[in-house]
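Just below is one structure, and these are the notes that go with it.
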Amino acid sequence: MAQIIANGIMLSFLFVLFALGLSLIFGIMRVINFAHGEVYMLGAYGVWLFTDILNLNFFLGMVISMLAVGLLWVILERFILKPFRGNLLPAAIVTLGLLWIFQATMLVTAGSANKSVDFPQIFQGTVSLAGATLSLERICTIVIGVILTVALLLFLSKAKAGRAMRAATQNPDAARLMGVNIDLMSSLAIGISCALAAAGGVLAGGLFYINPYMGGPQLLMGFVIIIIGGLGSIPGTIIAAFIVGFINSITTSYLGSNYAGMLVFLAAIVVLLIRPKGLLGIEEM
Amino acid sequence: MRPVQSGLKVITALRFNSKLLIAIAILILLFLIPTFVSSSYYLRITINMLYMIMLVAGFRLALSGGVFTMAPQVFFGIGAYTLALFVTRLNWNWWLSALLAGVFAAASAAIIGRILLRLKGIFFAISTLAFAFVLLLIWRTFPFFGRFSGIFDIPAPNTIFGLEFGSLVSYFYLALVLAVITMLVMYRIEKSRFGFMLRCIGLNADLARSSGVNVMLYSIAAFYIGCFFAGIAGAFFASYQGSIQPASFEFNVLMLILLYAVIGGVHSVWGPVYGVVIMTAITTGLTYIPHYDPKIGPIILGVTLIVVMLRFPRGISSLLESIPGWFRKASRKKDNEPYGNTSS
Amino acid sequence: MAILQVKGLTKEFGGLVAVDHLDLEMNKGEILGLIGPNGAGKSTVFNVISGYFKPSAGKVFFKGEDITGLRMDKIASIGLVRTFQHTLLYSDLTVRENVLAGLHLHYKSGLFDALFGFRTAHKRTELERRATELMEMLGLATRSNERSGDLPHGYQRLLGMAIALSSNNPDMIMLDEPVTGMNAEETASTMSMIRRIKQEMGITVLLVEHNMKAVMELCERIIVLNYGKKIAEGSPKEIRQNIAVIEAYLGTKANAT
């Protein structure tokens with residue numbers, strides 16, 4: 001039981017890191033980032049590059065990977081996405097193009113064989129808690145997940161830039177009128193979102209495996225999370241990520257991972273029937 | 001004198017209907033394709049293009065009315081499964097089943113629309129995605145639909161008007177006729193008042209509402225019509241492939257549809273055709289490059305995509321449909337001699 | 001008889017009260033101005049009356065009928081039309097096509113007719129004639145084939161008005177910031193257009209506006225809002241002298257950029 005809970009929490013945080021970015025990007029720029037799964041994937045390959053090839057410490061590699069991916073996407077946004085801001089469909093198509101480019105590039109350069117990275121030696125071990133054996137790796141993941149999520153929440157509620165971002169999410173026009181620099185907000189939003197997704201990828205790489213296709217299933221889950229949590233709502237996304245994470249954890253333990261996807265989708269439909277805007281979806285002005 | 005006079009009449013008539021002439025010429029060319037393309041590889045590619053055009057055209061119609069769905073691939077699937085089930089399990093006539101496939105798809109659109117259309121814009125889109133997930137789930141889970149393996153041994157259309165089906169060429173002609181009918185309907189709609197209102201709604205739904213237009217009615221109609229054609233395309237697909245699996249109706253089909261629609265241009269009724277033809281030409285053309293590694297295909301596609309979108313955000317149709325304008329400008333230039341007639 | 005009656009109108013957005021128990025009445029043929037500092041709720045009132053939002057509480061009566069919570073297109077077809085401040089046109093269409101779109105209400109309704117009835121030539125010429133009439137009245141006739149999105153801003157606003165006016169004999173028009181951001185010349189000509197609408201077409205006008213000078217000159221009556229509540233109502237002269245109004249403006253002006 002404790003195992004399932006621990007797994008649930010861990011998976012949830014991985015989803016949180018991923019989905020928050022998706023939600024933020026949509027909120028500020030009204031763009032569906034079809035390539036978000038590839039951001040996640042790039043993060044994983046990034047840490048592999050820094051850790052396995054350059055022999056850096058895992059955590060250092062993670063930070064560098066987050067920064068590198070975040071920066072890459074800030075640049076991409078500025079040159080490729082900015083012309084399409086507010087223009088939902090062409091922007092989505094452009095992210096589609098990016099998806100293909102990144103996935104194929106990694107396939108060609110790194111090959112399709114699974115790679116993996118390891119958490120530092122200290123974390124190779126387990127701990128007994130409440131009658132369950134929890135790997136230190138997973139606990140570490142949860143801790144990092146908590147740190148990053150809390151950091152983001154603090155940023156959004158306390159920092160001036162963060163509050164401006166929230167305003168821009170609710171109502172971009174009003175925010176602009178109040179003097180918010182939308183360009184800056186967009187760069188910030190995409191940088192943070194992608195850094196978070198990259199972090200998720202790093203952790204997933206450490207816990208599971210790395211390959212060019214790992215982004216796809218994550219993206220699908222990301223969409224479901226947004227459906228359940230409600231577009232544009234940060235707390236909604238977090239709650240939904242937990243719901244999805246726990247559904248995954250519970251079904252995988254009892255029924256096998258094939259059925260996890262099914263139940264998650266069913267949950268999405270149930271939510272949609274009761275609350276079509278998602279649990280905490282923002283009122284569309 | 002009479003032959004000359006009537007000849008002149010014909011020529012004048014033809015000049016006014018030059019568009020019609022071009023259309024007929026193109027149609028004739030299309031129908032003659034199997035005569036100069038004997039390779040089955042290319043024929044299959046063309047057939048592929050034809051039913052994709054149907055899918056994209058339906059998607060575009062709904063989109064032009066302000067209904068952006070992420071589920072055309074499952075309406076395609078609904079049509080396919082409907083046909084497959086009625087023909088293999090109930091032994092119904094193929095043509096009837098195909099029509100039914102379209103109707104079922106449109107009916108599903110009605111049901112799902114009832115529930116989800118209260119949502120606006122992107123919320124609606126994502127919820128249609130959820131709907132797509134669920135449908136795939138259902139097809140994968142229940143033995144009635146054949147679970148992962150789907151439905152097999154779907155026969156060719158019944159002989160009709162003495163025409164027999166089953167050969168590749170027969171499928172080509174069937175696809176061609178269906179695609180032509182689809183585009184004809186789309187064209188008629190475009191020219192009608194319904195099409196005009198749809199364009200207005202797609203441009204500025206709130207403004208339309210403030211003029212008393214019941215936006216919901218028009219948008220929904222466009223959505224149903226689009227799904228009907230997706231269903232028919234699905235019916236064709238089912239027989240053409242001979243078997244169908246849930247895997248044929250996944251996310252990747254949606255991405256292709258989006259790709260073709262946007263590249264071709266969603267504001268133009270011919271956009272779907274441009275998008276499908278050009279992208280297929282590019283992907284096929286790539287295979288000719290010596291030592292071509294298919295793995296880099298997506299990279300080239302992605303880059304092309306981004307470049308095209310940046311240069312032509314409204315799609316290739318904005319380029320292609322401005323070409324007549326170049327001719328007009330050119331001919332005007334010729335008339336304006338430096339010391340020519342002074343204009344009145 | 002009061003053509004528009006608003007009673008106890010309240011609109012909340014998730015805890016934020018944008019409009020607070022507003023009472024408002026308009027008589028046929030008058031020009032009423034709705035003013036107030038930023039965030040006072042003017043646009044919200046506008047949007048609720050025209051059907052863009054549903055009110056949280058209160059009622060709206062138009063020509064004696066209860067229109068509370070009706071859909072925007074239903075309200076427009078009864079004779080209450082509005083303009084928009086942003087996204088006010090079908091920008092890809094020409095000026096003429098914009099007006100034709102607005103004339104929709106003159107067509108028979110029904111989908112079947114819409115799909116197959118476009119060729120009714122005689123109805124078509126009637127509408128073309130009406131479109132030309134409207135364009136001429138608003139000074140847009142010379143630009144009828146231009147892409148509306150390319151028009152100078154002042155003309156776009158005029159076109160927005162033309163679209164609103166093209167519906168089926170509107171009794172009342174609501175103008176959303178008709179002269180905001182215009183230069184003196186454009187403002188003057190728009191103002192005379194609004195007067196013509198009232199005088200020649202007998203249409204009642206409700207407008208929301210920030211340009212004080214225009215409001216004072218144009219409106220016969222003014223209502224001042226602050227924090228969603230009505231704080232003053234009266235003739236321009238009365239409002240000018242009303243202390244509460246001045247305070248509200250001074251108060252927010254001190255805090256504004």
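The values are calculated or read from the model by the stated rules, or taken from the named source; none is laboratory data. All figures in this text were calculated on a predicted structure; none of them were measured in a lab. Don't worry about glycine lacking a Cβ; one is built from the backbone with ideal geometry, like all the others, and counts go over all protein chains shown.
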Among the numbered conditions (1) aromatic (Phe, Trp, Tyr); (2) free of Cβ contacts under 8 Å to residues at least 40 places away in the same chain; (3) within 14 Å of chain B (Cβ to nearest Cβ), tell me where A:Phe84 comes up short. (2)
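How many of the residues in region C:36-66 are within 13 Å of chain B (Cβ to nearest Cβ) and on the phi > 0 side of the Ramachandran plot? Walk me through it before giving the result.
The initial filter retains those residues of region C:36-66 that are within 13 Å of chain B (Cβ to nearest Cβ), namely C:46-47, C:49-54.
Now drop any that are not on the phi > 0 side of the Ramachandran plot, which leaves C:51.
Total satisfying the criteria: 1.
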Any residue at all in region A:182-190 that's of a type in the set (Ser, Thr, Tyr) and surrounded by fewer than 22 Cβ atoms within 10 Å (Cβ to Cβ)? yes
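If you take just the strands (runs of 3 or more DSSP E) that sit entirely in region C:151-257, which of them hold at least 3 residues that are in the same structural domain as C:Glu12 (by TED's automatic domain parsing) and not aliphatic (A, V, I, L, M)? Break it down stepwise before answering.
Values: elements: C:172-176, C:204-208, C:221-226, C:229-234.
Here the list reads C:229-234.
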Residues that are modelled with pLDDT under 90, surrounded by fewer than 24 Cβ atoms within 10 Å (Cβ to Cβ) and in contact with a strand residue (DSSP E or B) (Cβ under 6 Å, 6 or more places away or on another chain): does region A:30-41 have at least one? no
Can you tell me which residue in region B:170-192 is nearest to B:Ser39 (Cα to Cα), limited to those that are surrounded by fewer than 17 Cβ atoms within 10 Å (Cβ to Cβ) and at pLDDT below 90? B:Ser170
Of (1) more than 10 Å from every other protein chain (Cβ to nearest Cβ); (2) assigned to a helix (DSSP H, G or I); (3) under 18 Å from the mean Cα position of the chain (by Cα), B:Ala247 satisfies every one except (3)
Members of region B:117-137 found to be surrounded by 15 or more Cβ atoms within 10 Å (Cβ to Cβ) and either facing chain A (nearest Cβ under 7 Å) or acidic (Asp, Glu) (or both), listed by number: B:Leu119, B:Ile122, B:Phe123, B:Ile126, B:Ser127, B:Leu129, B:Ala130, B:Phe133, B:Val134, B:Leu137
(1) over 18 Å from the mean Cα position of the chain (by Cα); (2) at pLDDT 90 or above; (3) among the small types (Gly, Ala, Ser) all hold for A:Ala6 apart from (2)
Could you check region C:200-241 and list, in sequence order, the residues that are surrounded by 15 or more Cβ atoms within 10 Å (Cβ to Cβ) and on the phi > 0 side of the Ramachandran plot? C:Tyr227, C:Gly228, C:Gly234
For region B:148-216, list the helices (runs of 4 or more DSSP H) that sit wholly inside it and hold at least 1 residues that are without any contact (Cβ under 8 Å) to a residue 60 or more places away in the chain and away from chain C (no Cβ under 11 Å); which are they? B:168-191
Residue among A:Leu107, A:Leu89 that is facing chain B (nearest Cβ under 7 Å) and either more than 15 Å from B:Ile299 (Cβ to Cβ) or of a type in the set (Phe, Trp, Tyr) (or both): A:Leu89
Which of the residues belonging to region B:123-134 are in contact (Cβ under 8 Å) with a residue 40 or more places away in the chain and of a type in the set (Val, Ile, Thr)? B:Ile126, B:Thr128
Given the conditions (1) within 14 Å of chain A (Cβ to nearest Cβ); (2) touching an Asp or Glu at 6+ places or on another chain (Cβ under 9 Å); (3) β-branched (Val, Ile, Thr), which single one is not true for B:Ile282? (2)
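Looking at B:Arg140, B:Arg89, B:Arg60 in this structure, which one is within 14 Å of chain A (Cβ to nearest Cβ), of a type in the set (Lys, Arg) and surrounded by fewer than 23 Cβ atoms within 10 Å (Cβ to Cβ)? Lay out the reasoning, then the answer.
On the way: B:Arg89 fails: within 14 Å of chain A (Cβ to nearest Cβ); B:Arg60 fails: surrounded by fewer than 23 Cβ atoms within 10 Å (Cβ to Cβ).
On inspection, the qualifying residue turns out to be B:Arg140.
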Can you tell me which residue is nearest to A:Leu107 (Cα to Cα) among those in region B:285-303 that are in a helix (DSSP H, G or I) and more than 8 Å from chain A (Cβ to nearest Cβ)? B:Pro294
Conditions (1) closer than 26 Å to A:Leu98 by Cβ; (2) modelled with pLDDT of 75 or more; (3) within 11 Å of chain B (Cβ to nearest Cβ); number of the one not met by A:Ile234: (3)
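Listed here are the residues, each with its yes/no results for (1) in contact with a helix residue (DSSP H, G or I) (Cβ under 8 Å, 6 or more places away or on another chain); (2) in a helix (DSSP H, G or I).
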{"residue": "A:Leu72", "(1), (2)": "yes, yes"}
{"residue": "A:Ile75", "(1), (2)": "no, yes"}
{"residue": "A:Phe79", "(1), (2)": "no, yes"}
{"residue": "A:Val108", "(1), (2)": "yes, yes"}
{"residue": "A:Asp118", "(1), (2)": "yes, no"}
{"residue": "A:Val127", "(1), (2)": "yes, no"}
{"residue": "A:Val150", "(1), (2)": "no, yes"}
{"residue": "A:Phe155", "(1), (2)": "yes, yes"}
For region C:17-54, give me each residue that is among the small types (Gly, Ala, Ser), surrounded by fewer than 20 Cβ atoms within 10 Å (Cβ to Cβ) and out of contact with any strand residue (DSSP E or B) (no Cβ under 7 Å at 6 or more places or on another chain). C:Gly39
The residue that is farthest from the chain's Cα centre (by Cα), considering only those in region A:248-285 that are modelled with pLDDT of 75 or more, away from every other protein chain (no Cβ under 13 Å) and surrounded by fewer than 22 Cβ atoms within 10 Å (Cβ to Cβ), is A:Tyr254
Scanning region A:68-108 residue by residue, those exposed (fewer than 15 other Cβ atoms within 10 Å of the Cβ) and farther than 23 Å from B:Met255 by Cβ turn out to be A:Leu71, A:Ile75, A:Arg78
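Taking the conditions exactly as written (at pLDDT below 95, more than 14 Å from chain C (Cβ to nearest Cβ) and part of a helix (DSSP H, G or I)), does B:Ser239 satisfy them or not?
On the way: at pLDDT below 95: yes; more than 14 Å from chain C (Cβ to nearest Cβ): yes; part of a helix (DSSP H, G or I): yes.
So B:Ser239 passes the test.
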